[in-house]
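Participant: The structure that follows is given in the form of structure tokens.
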Amino acid sequence: MSYVKPAELVSRMLDAGAAKMQLSTRDTLLRAFMGAALLTMGAAFAVTVSAQTGQALLGAILFPVGFVILYLFGYDLLTGVFTLGPLAVMARRPGATARSMLRNWGLVFLGNLGGAITVALLMAIYFTYGFSAEPSAVGQAISEIGHGRTVGYADHGAAGMLTLFIRGVLCNWLVSTGVVLAMASDSVTGKILAMWLPIMLFFYMGFEHSVVNMFLFPSGLMLGADFTLWDYLIWNEIPTVVGNLFGGLLFVGLPLYLTYAKTGTRRVRSRAALPVASVGDHTDPAAGAEGTEIVADAARVEDPARDEREREIARI
């Protein structure tokens, strides 16, 4: 499997973020719609597996199927553009401006919402025989998720809101890691494996993903869950969106950008701090070509005390 080193990976991230801002409105909406539809189909699959087998871990292991498919198709999720867009703006990539970034975020949000609600409606019909019967066991499980993760937070007041926000942060820390790692390989196998691991973790740990929730909670409302649209917006979707934004940008995008695109000035090491082999050869294996020149210059700095000791040894 091919491996793209971090410096090149960050360059790909910046290019991807800028390219998404240049898409037409039609293409942005279509790719966002299909991205959410595939992701939420994977979520419905994972809940079905968990409900029918009683094994939540098995559902989490299988959940990334939808995520992998949508990114192999090149579709978009709000959580991904939250991380890539700001970096392209900071790097001043052509066409990447704050205005175009906000436009992209808005269109992706609308497309994701449309795709997720479409799947929610189709699955609600499936779970109830066209709303002519009580929801199946899987439908009841989805209803309970919607109730527990809205009213459940509200019952704890401010502490519940903080917990919801933090779960949104942690979620996109992992999800954006999956988005970025998909660019770290040029092989399909490498991309799938790199995406699978962090996505599995977020789903099993119950973190809050704004696009997945666009499916779970409207679906729960259609299936008769005991919470309201207002509960969903205030006690889940809005804080989750904000948490997703912070998590992906602060813990994935910015660290990579700052250390590989805006690398800090290298330290000049003194001769005394160098390994013996490095002093003799004027090289530093860990520093690369640029570091080699710096270390070589440092090694050539005159040291009167050292020179005196060498002369004393020569006399002996």
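Participant: Are any residues in region 21-78 within 16 Å of the chain's Cα centre (by Cα), in a helix (DSSP H, G or I) and either not assigned by TED's automatic domain parsing to the domain that holds residue 207 or not hydrophobic (A, V, I, L, M, F, W, C) (or both), and if so, which ones?
Facilitator: 35, 64, 66, 71
Participant: Now for a different question. Restricting attention to region 88-103, which residues are in a helix (DSSP H, G or I) and surrounded by 24 or more Cβ atoms within 10 Å (Cβ to Cβ)?
Facilitator: First pass over region 88-103, keeping only residues in a helix (DSSP H, G or I): 88-90, 98-103.
Once the filter is applied, which keeps residues that are in a helix (DSSP H, G or I) and surrounded by 24 or more Cβ atoms within 10 Å (Cβ to Cβ), region 88-103 yields only 88.
Participant: Follow-up question, since we're still on this one. Among residues belonging to region 198-211 that are hydrophobic (A, V, I, L, M, F, W, C) and closer than 11 Å to residue 63 by Cα, point out the one that is surrounded by the fewest Cβ atoms within 10 Å (Cβ to Cβ). Reasoning before the result, please.
Facilitator: Pass one, region 198-211, residues hydrophobic (A, V, I, L, M, F, W, C): 199-203, 205, 207, 211.
Among the residues that remain, those that are also closer than 11 Å to residue 63 by Cα are: 199-203.
Details: 199: 26, 200: 21, 201: 19, 202: 26, 203: 27.
For region 198-211, the residue satisfying everything is 201.
Participant: Let me confirm something: among 245, 256, which residue is within 25 Å of residue 184 (Cα to Cα), assigned by TED's automatic domain parsing to the domain that holds residue 48, at pLDDT 95 or above and touching a Pro at 6+ places or on another chain (Cβ under 8 Å)?
Facilitator: Details: 245 fails: touching a Pro at 6+ places or on another chain (Cβ under 8 Å).
Result of the check over 245, 256: 256.
Participant: Go through (1) closer than 16 Å to residue 112 by Cβ; (2) touching a Phe, Trp or Tyr at 6+ places or on another chain (Cβ under 9 Å) for residue 202 and report which single condition fails.
Facilitator: Answer for residue 202: the failing condition is (1).
Participant: Can you tell me which residue among 99, 149 is modelled with pLDDT under 95, under 24 Å from the mean Cα position of the chain (by Cα) and farther than 18 Å from residue 254 by Cβ? Before you say what the answer is, go through the steps one by one.
Facilitator: Details: 99 fails: modelled with pLDDT under 95.
149 is the lone residue from the list that is modelled with pLDDT under 95, under 24 Å from the mean Cα position of the chain (by Cα) and farther than 18 Å from residue 254 by Cβ.
Participant: Just to check your reading of the model, which residue among 142, 125 is farther than 17 Å from residue 237 by Cβ and in a helix (DSSP H, G or I)? Steps first, please.
Facilitator: Values: 142 fails: farther than 17 Å from residue 237 by Cβ.
Every option except 125 fails the conditions.
Participant: Is at least one residue of region 4-19 within 24 Å of residue 194 (Cβ to Cβ), buried (at least 21 other Cβ atoms within 10 Å of the Cβ), of a type in the set (D, E, K, R) and under 21 Å from the mean Cα position of the chain (by Cα)?
Facilitator: Looking for residues that are within 24 Å of residue 194 (Cβ to Cβ), buried (at least 21 other Cβ atoms within 10 Å of the Cβ), of a type in the set (D, E, K, R) and under 21 Å from the mean Cα position of the chain (by Cα), one finds none in region 4-19, hence no.
Participant: Another question about this same structure. Consider only pairs whose beta carbons are under 6 Å apart and that are at least six residues apart or on different chains; among these, list those whose first residue lies in region 33-48 and is in contact (Cβ under 8 Å) with a residue 24 or more places away in the chain and whose second residue is of a type in the set (D, E, K, R).
Facilitator: Hits for this filter: 35/76.
Participant: For region 225-247, indicate whether the set of residues that are assigned to a loop (DSSP other than H, G, I, E, B) and surrounded by 23 or more Cβ atoms within 10 Å (Cβ to Cβ) is non-empty.
Facilitator: From region 225-247, those assigned to a loop (DSSP other than H, G, I, E, B) are 225-228; that's our starting set.
Those still in the list that are surrounded by 23 or more Cβ atoms within 10 Å (Cβ to Cβ) too: 225.
So far as region 225-247 goes, yes, one or more of its residues are assigned to a loop (DSSP other than H, G, I, E, B) and surrounded by 23 or more Cβ atoms within 10 Å (Cβ to Cβ).
The values are calculated or read from the model by the stated rules, or taken from the named source; none is laboratory data. These figures come from a predicted structure and were not determined experimentally. Neighbour counts are summed over all protein chains in view; Cβ atoms, including those assigned to glycine, are modelled from backbone coordinates with ideal geometry.
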